[in-house]
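Participant: One structure, pasted below without further comment.
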Amino acid sequence: MKKIILFGGIIVVVFALLALLTMTSNKQKMELVGENQFGKDELMPATMEIVDDPNYQNAILPDELQERLDNQETFTVYFYASECPHCREATPRLVEIAEDLGEDIPQYNLREFEQGWDDYNIQSTPTLVHFKNGVEEQRIVGAAENEIYEQFLTAYPSE
């Protein structure tokens, strides 16, 4: 019985040390990042992994998105989740296509701003939504082929 308690205690201590190391590492990363584009003091671990990725540098915050919709602007938003493997595969392709077409596609991180799931009826990621005059006009759900993204951005350009 003593051995079980001893091993259990050792396991608890090891997990506590791992948690402490992870928290310290994330804090150090946040200090290196400094002012991040999400305007938050703490980020989800998956977001920390992509914070310096050039494909994820066009963040739109919830208030900014709402303001653009209230102003009845026409634009396309890319909704993604920072840990989503489909997003991580699709994002670089979409960013390149948008750049080639001269389109500016703001990116909404649903892990950092989870209210976006309900606010914009997002069922899965990635999701690309085109708003015309502040109202949703069309969307693509899931990681699409390059040709689909190109056709979508050509058919629904931002103004």
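Residues checked against (1) modelled with pLDDT of 95 or more; (2) open to solvent by less than 20 Å² (accessible area, probe 1.4 Å); (3) within 22 Å of residue 141 (Cβ to Cβ); (4) assigned to a loop (DSSP other than H, G, I, E, B):
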residue: 47; (1), (2), (3), (4): no, yes, yes, no
residue: 52; (1), (2), (3), (4): no, no, no, yes
residue: 65; (1), (2), (3), (4): yes, yes, yes, no
residue: 68; (1), (2), (3), (4): yes, no, yes, no
residue: 72; (1), (2), (3), (4): yes, no, no, yes
residue: 78; (1), (2), (3), (4): yes, yes, yes, no
residue: 88; (1), (2), (3), (4): yes, no, yes, no
residue: 91; (1), (2), (3), (4): yes, yes, yes, no
residue: 94; (1), (2), (3), (4): yes, yes, yes, no
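Participant: Among the residues of the range 127-156, what is the count of those that are surrounded by 14 or more Cβ atoms within 10 Å (Cβ to Cβ) and in contact with an Asp or Glu (Cβ under 9 Å, 6 or more places away or on another chain)?
Facilitator: Number satisfying all stated conditions: 9.
Participant: Of all residues in the range 103-121, which are farther than 17 Å from residue 64 by Cβ, assigned to a loop (DSSP other than H, G, I, E, B) and not charged (D, E, K, R)?
Facilitator: Answer for the range 103-121, where residues must be farther than 17 Å from residue 64 by Cβ, assigned to a loop (DSSP other than H, G, I, E, B) and not charged (D, E, K, R): just 121.
Participant: I'm trying to understand the selection: among the residues of the range 135-159, which are assigned to a loop (DSSP other than H, G, I, E, B) and within 12 Å of residue 77 (Cβ to Cβ)?
Facilitator: Keep residues of the range 135-159 that are assigned to a loop (DSSP other than H, G, I, E, B), which gives 142-145, 156-159.
Across the range 135-159, the qualifying residues are 156, 158.
Participant: Report every pair of residues separated by at least 6 positions or lying on different chains whose Cβ atoms are under 6 Å apart, first residue within the range 98-122 and hydroxyl-bearing (Ser, Thr, Tyr), second assigned to a helix (DSSP H, G or I).
Facilitator: 108/116
Participant: Being touching a Gly at 6+ places or on another chain (Cβ under 7 Å) and not aliphatic (A, V, I, L, M) is the filter; apply it to the range 102-125 and report the residue that is farthest from residue 77 (Cα to Cα).
Facilitator: 124
Participant: Then there's this: So for the range 25-45 (the condition being touching a Lys or Arg at 6+ places or on another chain (Cβ under 8 Å), modelled with pLDDT of 85 or more and open to solvent by less than 50 Å² (accessible area, probe 1.4 Å)), does at least one residue qualify?
Facilitator: No; the residues of the range 25-45 include none that is touching a Lys or Arg at 6+ places or on another chain (Cβ under 8 Å), modelled with pLDDT of 85 or more and open to solvent by less than 50 Å² (accessible area, probe 1.4 Å).
Participant: Give me a count of the residues in the range 60-87 that are of a type outside the set (A, V, I, L, M, F, W, C), out of contact with any Asp or Glu (no Cβ under 9 Å at 6 or more places or on another chain), touching a residue at least 12 places away in the same chain (Cβ under 8 Å) and closer than 16 Å to residue 109 by Cβ.
Facilitator: Residues that pass the stated criteria total 4.
Participant: Oh, and also: Looking at the structure I just gave you, is residue 128 closer than 27 Å to residue 48 by Cβ, not in a helix (DSSP H, G or I) and not acidic (Asp, Glu)? Break it down stepwise before answering.
Facilitator: Values: closer than 27 Å to residue 48 by Cβ: yes; not in a helix (DSSP H, G or I): yes; not acidic (Asp, Glu): yes.
So residue 128 passes the test.
Participant: Something else about it: How about the range 119-159: which of its residues are under 20 Å from the mean Cα position of the chain (by Cα) and among the hydroxyl-bearing types (Ser, Thr, Tyr)?
Facilitator: 120, 124, 125, 127, 149
The values are calculated or read from the model by the stated rules, or taken from the named source; none is laboratory data. Treat the numbers as computed from the prediction; the structure is a model and nothing was measured. Reconstructed Cβ throughout: ideal geometry from the backbone, glycine too, with neighbour counts over all protein chains shown. Accessible surface areas use protein heavy atoms only, side chains included; no ligands, DNA or RNA. Shrake-Rupley method; radii C 1.70, N 1.55, O 1.52, S 1.80 Å.
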